[in-house]
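Take a look at the structure below.
The values are calculated or read from the model by the stated rules, or taken from the named source; none is laboratory data. Keep in mind that what you see is a predicted model, and the values were worked out from it rather than measured. With ideal geometry, Cβ positions are generated from the backbone for all residues, glycine too; neighbour counts draw on all protein chains shown. Only protein heavy atoms, including side chains, enter the accessible area calculation; ligands, DNA and RNA are left aside. Shrake-Rupley method; radii C 1.70, N 1.55, O 1.52, S 1.80 Å.
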Amino acid sequence: MDKRTFTGAATKIDADKAKLDGIADISRSLEGRVAGVSVQNVSGTFGTAPKIRVRGATSIYGSSKPLWVVDGVIMEDVTEVDADQLSSGDAKTLISSAIAGLNSDDIESFQILKDGSATSIYGARAMSGVIVVTTKKGHAGQNHISYTGEYTMRLKPSYSNFNIMNSQEQMGVYKELYNDGWLTFGSVYRASNSGVYGKMYQLMNTYDPSTGKFALANTDQAMRDYLREAEYRNTNWFDELFSNNISWNHSVSMSTGTDKAQYYVSFSFMDDPGWTLQSKVKRYTANINANYNLSKKLSLNMIGNASYRKQRAPGTTDQDVDAVTGSVSRQFDINPYSYAINTSRTLDPNTFYTRNYAPFNIKNELANNYMDLDVVDLKYQAQLTYKPITQVQLQTLVDYKFAQTVQGQRITEHSNQAMAFRAMDDATMRDNNSYLYTDPDVPNSLPITVLPKGGFYRENKYKMNGWDARFTANYNDAFGAQKEHIVNLFYGMEVNTTNRFYDAFDGVGTQYDMGMLGSYDYRYFKQASEQNNVYYYLGDTYERKASFYGYINYSYKHRYNLNFTGRYEGSNRLGKSTSARWLPTWNVSGSWNVHEEPWFDKTFKGSVSNLTLRASYSLTGQDPATTNASTIIRSYNPWRPFTADKESGLYVYDFANPELTYEKKHEFNIGVDAGFLNNRISVTFDYWTRKNFDLIGPKYTTGAGGTIVKYANVADMSSNGEELSITSKNIVTKDFQWTTDFIFSHYKTKVTNLDTDTRLIDLVYGSGFTLEGYPHRSLFSINFQGLNSNGLPTFINEKGELTVSNIDFQSTVKDYLVYEGPTEPTTTGSLGNTFTYKNWHLIIFATYSFGNKIRLDRAFRSWYSDLDAMPKEFKNRWTTSGDKKKTDIPVIADMRMYNADGYLSYAYNAYNFSTARVAKGDFIRMKEISLAYDFPKKWVSAIRLSNLSMKLQATNLFLLYADKKLNGQDPEFFNAGGVAVPMARQFTFTLKLGL
């Protein structure tokens, strides 16, 4: 559409301007580039998607992710990962980015569609905004071969940026734990987890018959010497687990064309040897864009994209939140970043200690417990364009998409995770090891191992394939004596189909040292059956959509523009009734190009170069987060105590809601586009309001329909915001130019109708949740009331009582909680300066984010082992009576306190989720500093090149501002363990040349 007649709120940016060299995921390059677009890098691992919001959230239970459209084709995720799950660190987040297979050098531009006028043509899935990606193509009469090489070095994290005790400080705490009864021989020698003290006791009891001596003498002097060595060890886990390996990305493209045919072909290869141990990626991409002018009236465009990614990551299990005790854990977590932050620096990196009753060394575990991912993405499309007359254009587009991910976790027989299943050296270990099995069919039997040999091979396979077919007709003409009446009519119809398949398999007893030979014990499956677990899973989902849409655009002399867009679509996810399954949406918009008025130039005399006023009002919708249009009946295996009694059955997973329909949104947008001083200064400002209604929320009923609480279209939410973009060409001379770009966005949301029974744990943990009258994602805290006379934390509980440990994390009473603020930033933007002197280019680009609150990392527990690292706040902890007036850091509970209160863990978990453990998420980050040089044409032509340039770029270099309470914690990153690591500070050297 002609920019002069466009009436929506949209921003187009060139890919070259947005690109961050050395960062392969193109979605991260949008941070700070567009007003109204928020990008949170909740994890920096390749394949994980950042949390992107276009004008905030649009759904309470839905994902609110923007729609990605590449060359007119909607991109599909191989599996659905909602925005709240992106920060979980679970393995599934590695495949949460639908565009991880795109090569950034193939992209021509991004266009972000923000309001209803811009997004309405894409239908229900576009309610949260649309990011349109246009890839490069060939041009007639031009022949180019281009090469881009990027070489990136990431800096290791440094303990100087964190508030973590060194080994000497840590040993001081361990000595206190020893005096309190936690690290004595009886407590640690056969404990499930032990470090320096546990190893010392084990050596004291390890007899060498060849020498007739123990590995460590049982004397005070020998013990002091051993502990002194640990005290001064000060292991740097970042040096042990991270590296400065150089990653590189090579991209070659060829473009050529004649009047009859134009081609663009590219190949790329990325090799990242890994920032951490057992994290590496190789990615191959291929792209072809061929356009054939079959005649003056008929053309054919065919595009093929293919990518293959082979990735390795540390082995992990899913995160578990215990709603009873308030604890958050992940079994067998070996995330290198999390390990370096949370593990004592007194440990020897080459020594095996004890975890889960079995020998554990992080380097050995990473070598024997890892995931391999094979990711394939394919997209093929063909578009036929026919112009029977100049004013009419007919187009047909057909595309096919296929994606498959095979995620195989190898847990060898030498891993701690496998050895934990057979750790039974003595009666103490045997009776307490939860990974052993006690056969209920054998009275008075002792626990035994169900994994006598080998380890595990666990495979998850995700597959998606889909196709789309679209037909459009466009009529564009001008009428009148001076062609002052311009009319554009557009009509389209489309069908979409998406099939997803998932299967999981648990291969037990895999002997990796024997060529992966299987050797299982039948009792493993007997135990699984008694626990109602399955060792394989299969699942399919099918999605079908059909839509009809069109718009009418009228312009008078490109001065006054009116647009009406309508769309009618249906989905198989929705109710049976026509009013529910089919959704009509519409948009009305207009613009006034004031600079086209005959009086404009005379009035402003060059001080105002152009001025456009825009307004739009729309109704859009999106698929609901639930799918119970019909009764959902699922099969299951009910729990039975004995395998002989096993049976299968059916149960009602969700009762029917035949009126289930789309979530909807009314949006009003007004905007101004202005240029001053011959467009030396360009300003765009938008103000918008949204009323989201028919959102999914819980509805309490009498139970007549079979359930007390059902999810239906009963919730509402409102939001509004402002967006400002300013580009200023400060200095423009023959040899020197200085340009400044300033981006500012602010918005706020409020849930206006929601009757929810959300539990306390859901409101205080992670990204929080919402209540009526609060933002879409809000963080609440338990009301911390200081320390008692024993140094234990006290709180106000759901009964209004002052308590230490009487906390119900499953309580649905919420009025005693303290509202901290939204968990998503409300103000975002950037400030960028570009300086050009002859062939030199310097860019200084900073991003900022304000308005949200984050939870500090969980550091406090009711008991600690000698594996644990502690923050330096512990030096200010309560130690003696009277300290409660000087500190709010609770005491390290001794054995007496722990045994006196069986719920003491509730108190320390509550402290982690209290008002004492909250910080501002505000930050200003130096995102990019880069210096580039373009070699003169006469130089490069001498070596038969058309262009040659070099660039050095520093990315994520440092924080200019962040809350001091964070003590090194990245305000964007959720330290959830698993596969999550923060974005690294890095340097990239880029070489570009062309023939």
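Any idea which of (1) in a helix (DSSP H, G or I); (2) open to solvent by 10 Å² or more (accessible area, probe 1.4 Å); (3) at pLDDT below 90 is the one residue 105 doesn't satisfy?
(3)
For the stretch 313-346, give me each residue that is open to solvent by less than 20 Å² (accessible area, probe 1.4 Å), farther than 30 Å from residue 171 by Cβ and of a type in the set (Val, Ile, Thr).
316
Is it true that some residue in the stretch 501-518 is in contact with a helix residue (DSSP H, G or I) (Cβ under 9 Å, 6 or more places away or on another chain), in contact (Cβ under 8 Å) with a residue 24 or more places away in the chain and among the acidic types (Asp, Glu)?
Yes, that holds for at least one residue.
Pairs needed: first member in the stretch 1-26, touching a residue at least 12 places away in the same chain (Cβ under 8 Å) and over 15 Å from residue 106 (Cα atoms); second member anywhere, assigned to a helix (DSSP H, G or I) and acidic (Asp, Glu); C-beta distance under 9 Å; at least 6 residues apart or different chains.
Every condition considered, the pairs that remain are 4/596.
Could you tell me whether residue 670 is closer than 21 Å to residue 828 by Cα and either in a strand (DSSP E or B) or touching a residue at least 60 places away in the same chain (Cβ under 8 Å) (or both)?
On the way: closer than 21 Å to residue 828 by Cα: yes; either in a strand (DSSP E or B) or touching a residue at least 60 places away in the same chain (Cβ under 8 Å) (or both): yes.
So residue 670 passes the test.
Kindly list the number of the only condition in (1) at positive phi; (2) assigned to a helix (DSSP H, G or I) that fails for residue 606.
Condition not satisfied by residue 606: (2).
Suppose we filter 468, 503 for residues that are touching a Leu at 6+ places or on another chain (Cβ under 8 Å) and crowded, with 19+ Cβ neighbours inside 10 Å; which single one remains? Break it down stepwise before answering.
Values: 503 fails: crowded, with 19+ Cβ neighbours inside 10 Å.
The match here is 468.
Among 905, 930, 881, 914, which is open to solvent by less than 20 Å² (accessible area, probe 1.4 Å), over 30 Å from residue 743 (Cα atoms) and of a type in the set (Ser, Thr, Tyr)? Please lay out each step first, then the result.
Details: 905 fails: open to solvent by less than 20 Å² (accessible area, probe 1.4 Å); 930 fails: over 30 Å from residue 743 (Cα atoms); 881 fails: open to solvent by less than 20 Å² (accessible area, probe 1.4 Å).
The match here is 914.
Tell me which strands (runs of 3 or more DSSP E) are completely within the stretch 787-857 and hold 3 or more residues being open to solvent by 20 Å² or more (accessible area, probe 1.4 Å) and within 19 Å of residue 322 (Cβ to Cβ), or say none if there are none. Quick ask: steps written out before the conclusion?
Details: elements: 793-796, 818-822, 827-837, 840-850, 853-855.
Output list is empty.
Take the residues in the stretch 69-84 that are under 15 Å from the mean Cα position of the chain (by Cα) and within 20 Å of residue 31 (Cα to Cα); name whichever of them is least open to solvent (accessible area, probe 1.4 Å).
Selected residue: 83.
Among the helices (runs of 4 or more DSSP H) confined wholly to the stretch 161-273, which include 3 or more residues that are of a type in the set (Ser, Thr, Tyr)? Write out each step before concluding.
Working: elements: 167-179, 185-188, 196-204, 220-231, 237-241.
The helices (runs of 4 or more DSSP H) meeting that bar are 167-179.
Considering only the stretch 108-148, state which residues are part of a loop (DSSP other than H, G, I, E, B) and more than 29 Å from residue 571 (Cα to Cα). Spell out how you get there, then give the answer.
Step one: filter the stretch 108-148 for residues part of a loop (DSSP other than H, G, I, E, B), giving 114-115, 127-129, 136-143.
If the condition is that a residue be part of a loop (DSSP other than H, G, I, E, B) and more than 29 Å from residue 571 (Cα to Cα), then 136, 137, 138, 139, 140, 141, 142, 143 are the ones that fit.
Among the residues that make up the stretch 766-780, is at least one of them part of a loop (DSSP other than H, G, I, E, B), on the phi < 0 side of the Ramachandran plot and open to solvent by 40 Å² or more (accessible area, probe 1.4 Å)? Talk me through it step by step, then tell me what you get.
Restricting attention to the stretch 766-780, the residues satisfying the condition of being part of a loop (DSSP other than H, G, I, E, B) are 766-768, 770-777.
So of that shortlist, the ones also on the phi < 0 side of the Ramachandran plot come out as 767, 770-772, 774-777.
Keeping just the survivors that are open to solvent by 40 Å² or more (accessible area, probe 1.4 Å) gives 772, 774.
Yes: the stretch 766-780 contains one or more residues that are part of a loop (DSSP other than H, G, I, E, B), on the phi < 0 side of the Ramachandran plot and open to solvent by 40 Å² or more (accessible area, probe 1.4 Å).
Under 8 Å by Cβ, and 6 or more places apart or on different chains, what pairs join a residue from the stretch 951-968 that is farther than 21 Å from residue 154 by Cα with one that is polar (S, T, N, Q)?
Here the result reads 967/163, each pair linking the stretch 951-968 to a residue that is polar (S, T, N, Q).
Look at residue 310 and say whether it is at pLDDT 95 or above, open to solvent by 40 Å² or more (accessible area, probe 1.4 Å) and not aliphatic (A, V, I, L, M).
Working: at pLDDT 95 or above: yes; open to solvent by 40 Å² or more (accessible area, probe 1.4 Å): yes; not aliphatic (A, V, I, L, M): yes.
Judged against the criteria, residue 310 is a match.
Restricting the search to the stretch 662-703, which residues are out of contact with any strand residue (DSSP E or B) (no Cβ under 8 Å at 6 or more places or on another chain) and either hydrophobic (A, V, I, L, M, F, W, C) or open to solvent by 50 Å² or more (accessible area, probe 1.4 Å) (or both)?
Listed by number, the list holds a single entry, 702.
Across the stretch 1-38, which residue is farthest from the chain's Cα centre (by Cα) among those that are modelled with pLDDT under 90 and of a type in the set (Ser, Thr, Tyr)?
Step by step, filter the stretch 1-38, then rank; the result is 5.
Would the stretch 952-966 turn up any residue that is under 35 Å from the mean Cα position of the chain (by Cα) and assigned to a loop (DSSP other than H, G, I, E, B)? Let's see the steps before the verdict.
First, the residues of the stretch 952-966 that are under 35 Å from the mean Cα position of the chain (by Cα): 952-966.
Then drop every residue that is not assigned to a loop (DSSP other than H, G, I, E, B), which leaves 963.
Among the residues of the stretch 952-966, at least one is under 35 Å from the mean Cα position of the chain (by Cα) and assigned to a loop (DSSP other than H, G, I, E, B), which makes the answer yes.
Regarding residue 772, is this residue without any contact (Cβ under 8 Å) to a residue 40 or more places away in the chain, within 26 Å of residue 879 (Cα to Cα) and out of contact with any Phe, Trp or Tyr (no Cβ under 6 Å at 6 or more places or on another chain)? Walk me through it before giving the result.
Numbers: without any contact (Cβ under 8 Å) to a residue 40 or more places away in the chain: yes; within 26 Å of residue 879 (Cα to Cα): no; out of contact with any Phe, Trp or Tyr (no Cβ under 6 Å at 6 or more places or on another chain): yes.
Answer is no for this residue.
For a quick check of your reading of the model, give me the residue pairs whose first member lies in the stretch 740-764 and is crowded, with 23+ Cβ neighbours inside 10 Å, whose second is of a type in the set (Asp, Glu), with beta-carbon atoms closer than 8 Å and at least 6 apart or on different chains.
That search, which allows pairs on different chains as well, returns 745/722; 745/723; 747/722; 751/716; 751/772; 760/798; 760/808.
Within the stretch 537-549, take every residue that is of a type in the set (Ser, Thr, Tyr) and under 27 Å from the mean Cα position of the chain (by Cα) and give me the one that is nearest to residue 468 (Cα to Cα). Full working, then the answer.
Keep residues of the stretch 537-549 that are of a type in the set (Ser, Thr, Tyr), which gives 537, 541-542, 547, 549.
With the extra rule that they be under 27 Å from the mean Cα position of the chain (by Cα), the set shrinks to 537, 541-542.
Numbers: 537: 29, 541: 17, 542: 14 Å.
By that ranking, first place goes to 542.
Any residue at all in the stretch 970-986 that's surrounded by 17 or more Cβ atoms within 10 Å (Cβ to Cβ) and more than 21 Å from residue 51 (Cα to Cα)?
Yes, the conditions are met somewhere in the stretch 970-986.
Looking at the stretch 148-171, which of its residues are open to solvent by less than 40 Å² (accessible area, probe 1.4 Å) and either free of Cβ contacts under 8 Å to residues at least 12 places away in the same chain or closer than 20 Å to residue 103 by Cα (or both)?
The answer is 148, 149, 150, 152.
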